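The values are calculated or read from the model by the stated rules, or taken from the named source; none is laboratory data. The shown structure was predicted, so the numbers you read here are calculated from the model rather than taken from an experiment. Neighbour counts run over all protein chains shown; Cβ positions are idealised from the backbone, glycine included. These accessible areas exclude ligands, DNA and RNA; they are computed on the full protein's heavy atoms, side chains included. Shrake-Rupley method; radii C 1.70, N 1.55, O 1.52, S 1.80 Å.
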Amino acid sequence: MPVTNVSHDIDTRTITITAEFAAPVSRVWQVYADPRQLEKIWGPPEYPATVVHHDFRPGGRVTYYMTGPGGDKYAGYWDIQAIDEPNGFDFVDGFADANFEPVATMPVSTSEFRFVAGGAGTVATFVSTYPTADALQQVLDMGVLEGSSSAINQIDALLAA
C-alpha cells in the first residue's frame, strides 16, 4: 500500500497523508494533470469519480462527481491556486451541488499536494487545511481519512498499467 502515514491535527486544522510510489515524480504528476487518469484515483473504489471539467492551471477549476454503489452522486470542485509542474499544486477543494456550484454549508479546504523524488521513486505529501476545527471534524466524521487513503492506494495500480 502506498499510504505510509495518515494524521490529523485539530489545533492546526489539518489532515496530512504521506504516500510512496514506485514511479518518477513526472509520472505521479500525470495522474493529476490528466483528467482520465484522475478519474481512476479520485474517490474511493466504491465511489468512482467522473471528471466533468479539467482546467488544470492557476485560476482554473476542476469539477467532478463521485457515484456511489446505489447510483447516488456527490459533486465537488477544485479551484486551482498554484501549479509547480511536476512538483505539486495548491487548490481549494469543496463540495458542490448538481450544477457544480459550491455548497456553502459544507467544509472547504485549502490543499497542497507535493511530489518529491525519494524512496523507490516518489514521496507524495497531501495536506488539507480547514478554516475551523469544526469543519475539520465534520469531514473526519464523514470518513475522509479512510476515503482519501483508499483513493490514494489506487494510484499504484494505475502507475503499473
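Just one residue in the set His8, His53 is more than 14 Å from the chain's Cα centre (by Cα) and farther than 24 Å from Gly119 by Cβ; that residue is His53.
Say we look at the stretch 56-69 and pick out the residues that are assigned to a loop (DSSP other than H, G, I, E, B) and either open to solvent by 30 Å² or more (accessible area, probe 1.4 Å) or of a type in the set (Lys, Arg) (or both); which of these is nearest to Leu158 (Cα to Cα)? Let's see the steps before the verdict.
Within the stretch 56-69, the subset assigned to a loop (DSSP other than H, G, I, E, B) is 56-60, 68-69.
Subsequent filtering for residues that are either open to solvent by 30 Å² or more (accessible area, probe 1.4 Å) or of a type in the set (Lys, Arg) (or both) retains 56-59, 69.
Details: Phe56: 20, Arg57: 23, Pro58: 26, Gly59: 28, Pro69: 21 Å.
The residue in question is Phe56.
Which residues, taken from the stretch 117-140, are more than 17 Å from the chain's Cα centre (by Cα) and over 23 Å from Tyr74 (Cβ atoms)? If the condition is that a residue be more than 17 Å from the chain's Cα centre (by Cα) and over 23 Å from Tyr74 (Cβ atoms), then Ala117, Gly118, Gly119, Ala120, Gly121, Ala133 are the ones that fit.
Do we have Thr125 as touching a residue at least 24 places away in the same chain (Cβ under 8 Å), surrounded by fewer than 18 Cβ atoms within 10 Å (Cβ to Cβ), over 21 Å from Gly88 (Cα atoms) and among the β-branched types (Val, Ile, Thr) here? Don't jump to the end; show me each part of the working.
Values: touching a residue at least 24 places away in the same chain (Cβ under 8 Å): yes; surrounded by fewer than 18 Cβ atoms within 10 Å (Cβ to Cβ): yes; over 21 Å from Gly88 (Cα atoms): no; among the β-branched types (Val, Ile, Thr): yes.
In short, no.
Residues that are free of Cβ contacts under 8 Å to residues at least 24 places away in the same chain, open to solvent by 60 Å² or more (accessible area, probe 1.4 Å) and over 15 Å from Val52 (Cβ atoms) within the stretch 70-98 comprise Gly70, Asp84, listed in sequence order.
Please determine, by comparing only the residues of the stretch 21-48 that are closer than 17 Å to Leu145 by Cα and out of contact with any Pro (no Cβ under 6 Å at 6 or more places or on another chain), which one is surrounded by the fewest Cβ atoms within 10 Å (Cβ to Cβ). Reasoning before the result, please.
Applying the first criterion (closer than 17 Å to Leu145 by Cα) to the stretch 21-48 yields 41-48.
Right, trim to out of contact with any Pro (no Cβ under 6 Å at 6 or more places or on another chain) and you get 41-45, 47-48.
Values: Ile41: 21, Trp42: 24, Gly43: 24, Pro44: 20, Pro45: 12, Tyr47: 18, Pro48: 17.
Checking each candidate, the answer is Pro45.
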